[in-house]
1. Output the number of the condition that residue 67 fails; it satisfies all remaining conditions of (1) buried (at least 20 other Cβ atoms within 10 Å of the Cβ); (2) touching an Asp or Glu at 6+ places or on another chain (Cβ under 6 Å).
2. With respect to residue 395, determine if the residue is within 29 Å of the chain's Cα centre (by Cα) and polar (S, T, N, Q).
3. Is it fair to say residue 517 is modelled with pLDDT of 85 or more and of a type in the set (A, V, I, L, M, F, W, C)?
4. Just a yes or no: is a residue in the stretch 119-130 modelled with pLDDT of 90 or more and more than 27 Å from residue 424 (Cα to Cα)?
5. For the stretch 391-438, what are the residues that are outside any loop (DSSP other than H, G, I, E, B), small (Gly, Ala, Ser) and closer than 24 Å to residue 64 by Cα?
6. If residue 317 satisfies all but one of (1) surrounded by fewer than 13 Cβ atoms within 10 Å (Cβ to Cβ); (2) β-branched (Val, Ile, Thr); (3) within 22 Å of residue 503 (Cα to Cα), what's the number of the condition it fails?
7. Quick check on my filter: what residues within the stretch 445-462 are surrounded by fewer than 22 Cβ atoms within 10 Å (Cβ to Cβ) and closer than 21 Å to residue 406 by Cα?
8. Out of the residues in the stretch 20-46 meeting the condition of being outside any loop (DSSP other than H, G, I, E, B), in contact with a strand residue (DSSP E or B) (Cβ under 9 Å, 6 or more places away or on another chain) and not hydrophobic (A, V, I, L, M, F, W, C), tell me which one is surrounded by the fewest Cβ atoms within 10 Å (Cβ to Cβ).
Amino acid sequence: MRTREQLRQYQRAAVRFIKETKRCLLFIDPGLGKTASTLTAMCDLMDNLDCGRVLVIAPPNVARNTWHAEMAAWAHLKNRSYAIIDGTPKKRRELLKRNVCFHIISMELLPWLLQEFGGDVPRFTTVLGGEIEQTPQGFFLGGKPLKRGDTVKSPDGNLYRVGNGKINKARKDTAFRYEPGDTIKAADSGWKPPEDFPYDAVVLDESSLVKDSSTNRWHALKQFAFMVEYFVGLTGSPATEGYQNLWSQFYLVDGGQRLGGTITGFRDRWCYSTDDGKKYKVKTWAIPIIEKRIADVTFTLREEDYSDLPPRIYNRIHLTLDSDSLKQYKKFEKTYILKLNDEKKLTALDGAGITQKLLQYANGVVYNTEDEEKVEYFFHRLKLDALHRLVEEYQGQPILVAYAFQSDVRRIMKEFPGARLLDKKKETEDSWNRGEIPILLIHPNQAYGLNLQFGGHNVAWYGLTHSLERYIQLNKRLHRSGQTKPTLIHHLIVQGTIDEDVMEALAGKNDMQEALLNALKKRVEHYVKQA
């Protein structure tokens, strides 16, 4: 068991920063011990009677498995009481009543938590079905007017919000046709803060997951973020899509003091819209201004400055389609139409649809969602064969395989009988770390908070992701404290396909985030020296 004296100097610096700053964001690379640092700071505040109960909010797997395991690993933390708020609503209510130091909850449960303490979330009431129509006087649903900000729910379960001159997520004609008798739901209430909030501190693990200020989790968090004295956000990937990701995270720290009180104001002042008008990027001249404004409440630790880990080695494995398959791919990319067999063709409806289908083609199998049972059509086995070669090359050493689609899982598990799919069971993680699983399949969405570094040192990207955040997080499942060998990160890339575009995009996004983190880390040096 580790002792407080074994905290590294930079961890002690982080502890001091949290206690002195009170409301802050810690941009700490995975594997540098941000959980232990934050727990130590919170326990110090409790011991000094500066803080009572702490609410820890984290991704589902991290909330269930990581925080209490970190407490058990340190002598000065092991006796702190906690409750993991999980299970049925009845069980969660019982757990909330426990008089413990830490309540740990999944961020997916934030709207529920808000309601439990007397707050409220938007509710939906039934409105008669009909047609959403746009007229010079505005939008009408079944003959009834819709106001800006109203949300409607279609029979297929999709939500649409009325905005300025359009219904967001709507098709080009901005009208939706419903069958007679269909019911549509419209929002009739807004967000309401809690009447009581029995915490003195909130710790938000993976704050980058609330970078979208339109999500329910962000709105729920906003209702009680300023009811506590201490608010600590943690992430290793704060701006994977660009500096525009920062507004929502820093608003929860200071209420808009540094980057503006609204996302609209932030965009109007410092951003420009991209060609499609749906996304925003920060103007080049605004970058140093933003960095300066947020520096005083930001603590940044970079792995290359403080870690003695073995290196990461990136390996691109280029695979080549036969000429007929590549020709078919290029035609599909251009026309959005793919011949599945002599009788059937698949048509991608839009840019998002074609992107997914091209990624599937690069992996070897394409779904046809127009078939009643979502039939899979096989095109090639380039990546399966490449995975076989990796297994042979590393002579059975365990490999963590990142997949994108369920078809990847089925084919890999059929091809490799010993392969296992990562699930929510702690035993699966433990089995991997004991070296009992030769191939462990993981989806990038699962890539938060897991400690898989003891089971192997090879990552194979069978299916690529557009998300730099998830890409970094997944690679860090193996490249973290406790890893004794160089981490080898293999990318299976089919040449001439979207795989190459994804890799290029990831590199570009990483350059932008690296620039931010390197700019912010300079101010932290005096904390480390004094720790």
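The values are calculated or read from the model by the stated rules, or taken from the named source; none is laboratory data. As the structure is a computational prediction, the values presented were derived from the model and not from experiment. Every residue, glycine as well, gets a Cβ built from its backbone with ideal geometry; the counts of neighbours run over all protein chains shown.
1. (2)
2. Here the answer is no, as residue 395 does not meet what is asked.
3. Criteria not met by residue 517.
4. So far as the stretch 119-130 goes, yes, one or more of its residues are modelled with pLDDT of 90 or more and more than 27 Å from residue 424 (Cα to Cα).
5. Across the stretch 391-438, the qualifying residues are 402, 431.
6. Residue 317 satisfies every listed condition except (1).
7. 445, 446
8. Only one residue tops the list, namely 21.
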